[in-house]
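Each reported figure results from applying straightforward, stated rules to the coordinates on display, with no laboratory input. All values derive from a computational prediction rather than experimental measurement. Every residue, glycine among them, receives a Cβ derived from its backbone with ideal geometry; neighbour counts consider all protein chains shown.
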Amino acid sequence: MQFLEYTLILLAVMMAVAFVRLAIGPTIWDRILMLNLISIKVILFVVIYAILNENLLLLDIALSYGIIGFLTMTLLAKFIMTGGREK
Amino acid sequence: MIWIGVVLFVLAWIFLLFGMIAVFRLKNIYERIISATTIDTVAALLVIFALFFFVPSFAFAIRLILLILFLFITNPISSHVNIRSAFLTGISTEKEGEEQHD
């Protein structure tokens, strides 16, 4: 019964596949979307690793990583929408 | 009780696979953003709900509840901001194969 390890392997493979889409994405919003998906998968990876090793501090790191990923996505989308000018 | 967690993990694998297939199969950018973000949010919630059956103590469960609240709030906002940025910059909402009707 090693379902946690299998999920870790599947998440790593999914991150690699998402990175391929990030490289070939035709528009910039595809790349922002892929950053979002990779950020969610990194959060899940860290959470499962923390449960597996019974390390409490890694869960706080996962929370702060989620905050940083959300800020990155929203600020990049807003920056592209206004074209770099202030509105 | 642990078989509930196993069933949720298998469901989460299916959602992760279909989310990544949808990113590669769909042609329009709005379809890609909608399908990928919603399916991935459901997969993340399923994985965290499944982890409730594997936690060693109560302090882990509180952090997991905080993560569930955070993901539920911020993921739809992120996808909405992305779609709004694409729409206001002038990406067409028509599919690529269809003709545009005036």
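What is the diffusion coefficient of the protein assembly as shown in µm²/s, taking the Kirkwood radius over Cα pairs and the Stokes-Einstein relation at 4 °C with a viscosity of 1.567 mPa s?
74
Among B:Ala22, B:Leu8, A:Ala16, whose Cα projects farthest towards the positive end of the dipole of the protein assembly as shown, with charges put on the beta-carbon of Lys, Arg (+1) and Asp, Glu (-1)?
So the residue furthest toward the plus end is A:Ala16.
Over all directions, the average projected area of the alpha-carbon convex hull for region A:2-79 comes to how many nm²?
5.2
Computed FRET efficiency, Cβ-Cβ of B:Met1 and A:Arg31, R0 41 Å: what is it to the nearest 0.05?
0.45
Among A:Ile68, A:Ile43, A:Ile24, whose mean-square fluctuation peaks in a Gaussian network model of chain A (Cα, cutoff 10 Å)?
A:Ile24
Roughly how crowded by other chains is peptide B:74-80, in terms of the mean Cβ count from those chains within 10 Å of each of its Cβ atoms?
5
Per 0.36 nm of contour for each residue apart, how much would the distance between A:Glu5 and A:Ile61 grow if the chain were fully extended, relative to their Cα-Cα spacing?
Answer, rounded to one decimal: 18.2 nm.
Compute log10 of I(q)/I(0) for chain B with the Debye formula, placing one identical point scatterer on every Cα and leaving out solvent, at q = 0.16, 0.21 Å⁻¹, to two decimals.
Each listed q maps to, in turn, -0.79, -1.08.
Can you compute the modelled spin-label distance between B:Ile77 and B:Arg25, with each label point 7 Å from Cα toward Cβ, in nm?
A separation of 3.2 nm, rounded to one decimal place.
Whole Å is fine, so just give me how far the alpha carbon centre of region A:55-87 lies from that of region B:1-70.
About 20 Å separates the Cα centre of region A:55-87 from the one of region B:1-70.
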